[in-house]
Amino acid sequence: MRYQCNRHTAKGASLLELMIGLLILGVVTAGIFAQLNTATQRIATEQNKVDNFDEARDFVDQFFRDINQIGYPDGHIVQASVSPAINDPRIAVGLVKIDTNSIWFEGDINGSGVVQEVRYQINGSGTCTLCFQRSAVAKQQGDPFIGQAAASWGTEVNDLILTNAIFTYYTAAGTQIPTASLPANIDTTAGQQTLASVKTIHISLTIQNNQVTDPKTGQPIQTSFEGEVSLNNCSYAYTGINPMSCF
């Protein structure tokens, strides 16, 4: 029996068919690479968010460590050698000043026996508008608010946005201290009363890096971090007969 080969089925693919195949392959490959590029951008964005979150967390952890030493050593431990006692460099008076975006306080934060005046403040150095900065310097003999050495600004969180207050303060009863009474400092009677009433501090940081955008939304990424700490508030603020309150 003889077999005859069909010339139509035996011939190779035409140039047109080959070009169509290559076009389809190119479209599929381009789609795959586009998805890979988007995924890479998303990974980079999420890593940036993680980095910002870690930066804020480390900074807040530092704040919590500092604030836990607030008011130590106090007048119960060290007998004042100068008058008024709040000017004694060996005594930590606790809170010195509070505001929505800054807080000053005294304490032996390093466990070295040296009282430090610690400040957390937006743009404390005056050269970093969107930075939250920290300063810690040894207390000098003098008024805690106006008689101390210049701050030494160091650790910071960058790229903050100030849509809300960084610090919110609450009394022992859980009542928020109104922003209308801020700033409050230890050199005024009203300020002393406000400082003496602080029991809890809430801190909230929002970071927005305008150089990094979300590939899906096209908007700058934001990272938020919040924390809360209760104080053993030993304050030399005004309490009537007793010049120092602890609760």
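Taken together, the values in this text are just the output of simple stated rules run on the coordinates, not laboratory data. Every value quoted in this text rests on a predicted model; they were computed, and no experiment measured them. Cβ sites come from the backbone with ideal geometry, for glycine too, and all protein chains shown count toward neighbours.
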**Prompt:** With r defined as the distance between the Cβ atoms of ASP214 and SER83 and R0 fixed at 51 Å, what FRET efficiency is calculated, to the nearest 0.05?
**Reply:** 0.30
**Message:** Counting only other residues whose beta carbon sits under 14 Å from that of GLY126, what net charge do I get with K and R as +1, D and E as -1?
**Reply:** 0
**Request:** Would you kindly state how much longer the chain becomes between ALA150 and ILE32 on full extension, computed as 0.36 nm times their sequence separation minus their alpha carbon distance, in nm to one decimal?
**Result:** 36.7 nm
**Message:** Full-extension gain between THR171 and ARG65, please, as 0.36 nm times their residue separation minus the C-alpha to C-alpha distance.
**Reply:** 36.1 nm
**Message:** Need the full-extension length gain, THR100 to VAL50, defined as separation in residues times 0.36 nm minus the C-alpha distance. One decimal, nm.
**Reply:** 15.4 nm
**Asked** Which percent of the Cα-Cα distances in segment 44-230 go past 25 Å?
**Response** 38
**Asked** Hey, any idea what Rg/Rh is for segment 64-164, computing Rh the Kirkwood way over Cα pairs?
**Response** 1.01
